[in-house]
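See below for the structure under consideration.
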Number of protein chains: 2
Amino acid sequence: MDIDVGAHLKAVRQMYGLSQRELAKRSGVTNGLISLIEQNRVSPSVSSLKKVLDGIPMALSDFFTFDPAGRPQVFFAQDELTDIGSGAVALRLVGSRLAKRSMSILHERYGAHADTGTEMLTHNGEEGGVVVRGRIELTVGGESRVLGPGDAYYFNSTMPHRFRNPAREECEIVSASSPPTF
Amino acid sequence: MDIDVGAHLKAVRQMYGLSQRELAKRSGVTNGLISLIEQNRVSPSVSSLKKVLDGIPMALSDFFTFDPAGRPQVFFAQDELTDIGSGAVALRLVGSRLAKRSMSILHERYGAHADTGTEMLTHNGEEGGVVVRGRIELTVGGESRVLGPGDAYYFNSTMPHRFRNPAREECEIVSASSPPTF
DNA sequence: TAAAAACGTTTAATATAATTGACATTATGG
DNA sequence: CCATAATGTCAATTATATTAAACGTTTTTA
């Protein structure tokens with residue numbers, strides 16, 4: 001899944017209704033360079049690509065994550081949810097598992113005393129969520145805390161973390177992680 | 001908020017325990033180039049930066065969004081939530097409004113017949129959510145649908161969209177959007 | 001303690017990005 | 001219908017990224 005920088009820039013530029021020369025003037029590079037970049041005849045330095053994007057304006061991070069093609073509409077209700085886990089922890093992924101997404105949104109249910117395990121989880125990105133029902137014990141970076149309905153959390157997923165339901169009552173959470181974990 | 005490419009690459013490389021020469025060998029560029037990039041004595045072309053990142057491996061989009069500094073732990077409960085809207089639509093942002101995040105996670109409450117307005121919303125990125133309580137009418141790209149508890153949605157935010165509570169009963173949603181809208 | 005290997009840095013040669021100024025083509029206006 | 005300005009492209013020059021091979025320093029190992 002390699003991004004086509006040239007086509008990408010062209011699409012973004014046109015989406016903003018700018019000509020190569022207009023964008024050149026606004027960004028401080030020459031129109032010729034923009035032409036060459038869009039034809040993939042050169043691979044711009046990140047400094048000049050940044051200049052160009054400043055003229056739009058758009059951040060580098062957005063340029064590399066944004067999909068100008070306008071991916072096909074995803075829009076569904078309960079029937080389109082994907083069940084992932086079936087044990088003590090039940091996960092329902094919002095959205096197709098195949099489609100490219102920038103987040104994973106999950107509807108999680110922790111059965112009585114369910115636990116993600118003593119082996120701490122760690123991965124790139126960030127995650128957060130809101131407790132809808134029941135109680136959950138969240139351990140992040142050595143610190144533990146029990147959250148109830150209406151409570152919420154947000155942390156960097158590179159820090160070792162673990163979820164555990166301390167009660168007999170089922171616990172329900174809506175969470176999101178970026179980049180997607182599913 | 002301009003990213004320091006050199007320092008950033010160095011931080012990422014060291015985080016993966018790679019020396020300049022190791023990374024050079026794995027990525028197919030010279031160690032000298034990596035040294036120059038890390039000192040910001042050159043601004044790499046995106047093609048060579050991509051080569052370098054492939055050796056880690058890390059995607060360009062992650063490189064420009066990822067914060068290697070290991071931002072201070074964010075981890076809080078109800079007391080740390082930020083109230084944004086106060087009218088018919090009440091929004092609670094999960095996490096500090098100041099901190100750099102890759103997502104906005106919101107706990108939303110729509111009062112009786114609350115509406116985001118006839119002026120359709122449109123912005124970059126993607127968003128999705130799960131309906132926790134009540135009912136919400138979601139219109140995306142001309143198509144409307146009423147969602148109830150357990151139902152969920154996910155769509156590209158560039159498509160014009162609108163939320164409306166068709167009932168007298170309050171509606172509660174947990175949503176996420178990336179990049180962050182708050 | 002010396003030899004060897006690894007580390008990041010630097011310099012000169014080379015490859016490539018970026019500018020400049022012109023070109024052909026298509027739209028805009030008098 | 002011609003003139004004028006806009007569009008994107010291209011060739012030659014200039015600026016800069018990238019390579020290859022060396023350097024000095026630190027760490028490893030015998």
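Some points to look at:
- Table column - 3J(HN,Hα) (Hz), the stretch A:7-14, Karplus curve with 6.51, -1.76, 1.60, x for Gly and Pro: 4, 5, 4, 4, 4, 5, 4, 5
- Scanning residues 5 or more positions from B:Y16 or on other chains, none has an amide H under 5 Å from its amide H, with H placed 1.01 Å from N in the peptide plane.
- Residues whose placed amide H lies under 5 Å from that of A:E126, excluding near-sequence neighbours: A:S157, A:S178
- Cα-derived Rg to Rh of the stretch A:5-65, Kirkwood definition: 0.90
- Ranked list, fewest to most other Cβ atoms within 10 Å of each Cβ, for B:M15, B:M103, A:M58: B:M15, A:M58, B:M103
- Applied to the stretch B:18-28, the Karplus parametrisation 6.51 cos²θ - 1.76 cosθ + 1.60 on θ = phi - 60° returns per-residue 3J(HN,Hα) values of 10, 8, 4, 5, 4, 4, 4, 5, 6, 9, x Hz, with x for Gly and Pro.
- Remark: spin-label model distance B:Y16-A:D2 equals 1.7 nm, labels positioned 7 Å along the Cα→Cβ axis.
- Between amide H atoms placed 1.01 Å from N, distances below 5 Å from B:D151 occur with B:V131, all of them 5 or more places distant or on a separate chain.
All of the numbers you see were taken from the coordinates with simple rules; none came from a lab. Everything numeric here is computed off the predicted structure, so don't read it as measured data. Virtual Cβ from ideal backbone geometry, glycine too; neighbours counted across all protein chains shown.
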